[in-house]
């Protein structure tokens, strides 16, 4: 694939933060089949690389993603590469940010419509531009919000607020998105990506294996009771206390130095 054909950019800095940029600024980063394929491939590459501690996803130009590129086939459309692999089996066979063992932050630098907002909802954190236009526009197009939105959005902002956004398809600003809890912060556009990168770099102080387990429990916990979660946490908590990283965490704290973590999410997590 030539550079001219690519719809994304992927860069990793010295501190282990990978920045994945949706890069079709001429069409406000509209999402098509090729972009879906390339985003998934990039996420899988980040997941496999233990040097990557966190991922930030943003958009090139003045938008994050203006929704599906209806002229270009939309998500999973005819422009998807022939070697797209498991994505051809449908959304359930794809690889999403919530499935990763490392934190993923959506730096929503501009307008986020349709899949432009449902995709960031599969990330762990969202920082949004104050004046960005945010819209779950599906019902206004005779369609339905996807990517787990009917489970994720109500649990993030509450049922009534989710109903307001998903059933009306109305437009809100980034500032209102933060007020509703859809994003953790709303900032001037120029500050969104730097803030997301700064937040991502904080994760290097946390043990990668512990982060991986905690993230899995957070997402699995969407459908669990507190007692069910306790039953899942208990054996994993006991496992972590027996590992080398627990000793390193205590020693580095007592010695007032940065920790040198040993366990790798790719090879060292407990079975299952």
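Details
- Of all the residues in region 204-218, those that are in a helix (DSSP H, G or I), surrounded by 13 or more Cβ atoms within 10 Å (Cβ to Cβ) and modelled with pLDDT of 95 or more number 10.
- Residues of region 122-140 satisfying the condition of being without any contact (Cβ under 8 Å) to a residue 60 or more places away in the chain, part of a helix (DSSP H, G or I) and touching a strand residue (DSSP E or B) at 6+ places or on another chain (Cβ under 9 Å): 122
- When every residue of region 161-174 is checked against the conditions, none turns out to be surrounded by 19 or more Cβ atoms within 10 Å (Cβ to Cβ) and within 30 Å of residue 269 (Cβ to Cβ).
- Strands (runs of 3 or more DSSP E) (entirely within region 1-104) containing at least 3 residues that are modelled with pLDDT of 95 or more, out of contact with any helix residue (DSSP H, G or I) (no Cβ under 7 Å at 6 or more places or on another chain) and over 26 Å from residue 169 (Cβ atoms): 8-12
- In region 33-45, residue farthest from residue 205 (Cα to Cα) [restricted to those that are buried (at least 21 other Cβ atoms within 10 Å of the Cβ) and under 12 Å from the mean Cα position of the chain (by Cα)]: 39
- Contact map, region 145-168: residues that are in the same structural domain as residue 117 (by TED's automatic domain parsing) paired with residues that are surrounded by 17 or more Cβ atoms within 10 Å (Cβ to Cβ) and not in a helix (DSSP H, G or I), Cβ distance under 6 Å, separation 6+ or inter-chain. Pairs shown: 145/136; 157/182; 165/136; 166/136; 166/145.
- Test: residue in region 180-188 that is in the same structural domain as residue 102 (by TED's automatic domain parsing) and part of a helix (DSSP H, G or I): yes
- Residue selected from region 123-145 under the condition touching a helix residue (DSSP H, G or I) at 6+ places or on another chain (Cβ under 6 Å) and surrounded by fewer than 18 Cβ atoms within 10 Å (Cβ to Cβ), by the criterion modelled with the highest pLDDT: 130
- Residues (within 30 Å of residue 149 (Cβ to Cβ), touching a residue at least 24 places away in the same chain (Cβ under 8 Å) and part of a loop (DSSP other than H, G, I, E, B)) located in region 219-265: 265
The values are calculated or read from the model by the stated rules, or taken from the named source; none is laboratory data. Just so it is clear, the model here is predicted, and its values are computed rather than measured. Glycine also receives a Cβ, built like all others from the backbone with ideal geometry; neighbour counts cover every protein chain displayed.
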